Structure formats: structure tokens, C-alpha cells
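J.: Quick one: the structure is below, questions incoming.
The values are calculated or read from the model by the stated rules, or taken from the named source; none is laboratory data. Note that the structure is a prediction, hence the values are computed from the model and not measured. Neighbour counts run over all protein chains shown; Cβ positions are idealised from the backbone, glycine included. All accessible areas refer to the heavy atoms of the entire protein, side chains included, with ligands and DNA or RNA removed. Shrake-Rupley method; radii C 1.70, N 1.55, O 1.52, S 1.80 Å.
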Amino acid sequence: MATPARPRWLRVAAWAGALVALGTVFAAYRNPHTVVDLANRVWACF
């Protein structure tokens, strides 16, 4: 049983979205204040 192939534009859009998300996370972690703020927010949950 063969699975239907996804359209090419859908695969390209998924890869583009993943790369944008990874780039955004990388850019956020380049700022040390963002990392400290995130750690403080996680620590506040406990």
C-alpha cells in the first residue's frame, strides 16, 4: 500500500517554516537577557 505523495509546495513550505522557527530561536538565544528571562519564568513555575 503506497502512501500518496505530498505536493512539492507543501514540503517546501514546511521546511521554510522549520528554518524560520529555528532561526528565530537562535536569534533569541543570542541575547543573554532573553535566556535569563526565560530561565526566571521557568523557575517561577516551581
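J.: Scan the range 26-46 for residues that are surrounded by 10 or more Cβ atoms within 10 Å (Cβ to Cβ), in a helix (DSSP H, G or I) and out of contact with any helix residue (DSSP H, G or I) (no Cβ under 7 Å at 6 or more places or on another chain) and jot them down.
T.: Residues of the range 26-46 surrounded by 10 or more Cβ atoms within 10 Å (Cβ to Cβ): 27-29, 31, 34-39.
Now drop any that are not in a helix (DSSP H, G or I), which leaves 27-29, 34-39.
Correct list: Ala27, Val36, Asp37, Leu38, Ala39.
J.: Name the residues in the range 1-25 that are open to solvent by 100 Å² or more (accessible area, probe 1.4 Å) and at pLDDT 95 or above, would you?
T.: Within the range 1-25, Trp15, Leu19, Leu22 qualify.
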